[in-house]
1. Among 189, 225, 255, pick out the residue whose Cα is farthest towards the positive end of the charge dipole of the chain, where Lys and Arg carry +1 and Asp and Glu carry -1 on C-beta, about the Cα centre.
2. Around residue 223, under 12 Å between beta carbons, what's the net of Lys plus Arg minus Asp minus Glu among the other residues?
3. Under the rule a/c < 1.5 gives rounded, and otherwise a/b versus b/c splits prolate from oblate, where does segment 99-226 land using the Cα gyration tensor?
4. Roughly what % antiparallel, to the nearest 5, for the DSSP beta bridges in the chain?
5. Using θ = phi - 60° and the Karplus curve 6.51 cos²θ - 1.76 cosθ + 1.60, what whole-Hz ³J(HN,Hα) does each residue of segment 177-188 get, with Gly and Pro shown as x?
6. Counting Lys +1, Arg +1, Asp -1, Glu -1, what net charge surrounds residue 16 among other residues with beta carbon under 11 Å of its beta carbon?
7. Based on DSSP, what percent of beta bridges with both residues in segment 139-280 are antiparallel, to the nearest 5?
8. Measure off 7 Å from each Cα along the Cα-to-Cβ vector at residue 30 and residue 15, then give the distance between these two points in nanometres to one decimal.
Amino acid sequence: MISEHGGSALGSRILYDFSANLNPLGMPGIVKKMIIKNSEEWEKYPDHFCGKLTKKLSEKLNFPTEKIVCGNGAADLIYRIIRTVKPKTALMANPCFSEYEKALREIDCNLKYFVLRENDDFLLSENILNSLSEDVEMLILCSPNNPTGRIIQRDLLQKICGKCAENNTIFLCDECFLDFVENGENFSAKNFLNEKIIVLNAFTKIYAMAGLRLGYAVFGDEELAKKVENYGQYWSVSAPAQTAGLAALEDENYIFETRKFVKIERNFLEKNLSEIGIKVFPSDANFLLLKSKIPLYNALLREKILIRSCENFKGLSDKFFRIAVRTHAENTALLNALGRVKNG
């Protein structure tokens, strides 16, 4: 069975999991230590407002605490934001992360799509500005985009933010993979923040904390931030997750080291995959989109390697696959397995 998302539920059948785009360096050691050290605190209710964590994020991002909202992972915040805004018409890229569409359809939103072209290597073009008509109440984009791995170029991002302000369009920019990008902070929508902008991020990918569930969003509009914070369940962020987040933010070098490591290994994979004869699309992130006539998902599953089939992404087909950038040993194992698959 092909999962709708990455992540393995196959247990011992899998030796290597390339389906989930988590940091190949794993969870920072300081996070693990603090989770264990504070285990006696878990019998207490967590802070609903995530006061300490929000204050630490405020200091790190140089951003007011009143405009930061934490959630039970990025997905929790996607649903809370959409149900708070309740757009009648929304625009999103295609292909992209499926949870945006799922959340929008649950409120009976009219969906419009901007198609990312394979011939353009799935890079977002300025034509998106023509699609931002005045009836579009919400725009959702991901940078780097999942599953294509492409960032929104800085000049275009500035134009998008400006047009959303002009049209009174809420712009939700998902930047959950931006910490993997070299000089990623230069490509953040936070640089062009206005009252219509919401920037989403999470500890999930960059700190390999998928099981702990911790995300956050920064808002240009304090009133909207308060509405989202008060929407949904109380105590949405567990005490262990808050502790883990605080600890992760203490490790100043972790993101820098991750970026260096990911760039080297991504280049290694791109070069060797191309030499094998597999189409590799350019990526700015910690994962790669591939295209192959060979049914790689099932072929690699027989090798006990799990990758992400992209056939359930709108605009893609069963010829597209996504792989995470993992450790050098894991990446080498994947390439060796692909070599065996290609050679029959």
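1. Farthest along the dipole direction, towards plus: 255.
2. On the way: positive: 67, 226, 227; negative: 66, 195, 221, 222, 229.
Neighbour charge sum, excluding residue 223 itself: -2.
3. Judged from the Cα gyration tensor, segment 99-226 comes out rounded (a/c under 1.5).
4. Values: 18 of 38 bridges.
If I count the DSSP bridges inside the chain, around 45 percent turn out antiparallel.
5. Listing the rounded values in order: 10, 5, 5, 7, 8, 4, 6, x, 4, 6, 10, 8 Hz.
6. -1
7. If we restrict to bridges inside segment 139-280, about 40 percent are antiparallel.
8. That separation, rounded to one decimal, is 3.6 nm.
No lab work stands behind these numbers, since they all come straight from the coordinates. No experiment lies behind these values; they were computed from the predicted model shown. Every residue, glycine among them, receives a Cβ derived from its backbone with ideal geometry; neighbour counts consider all protein chains shown.
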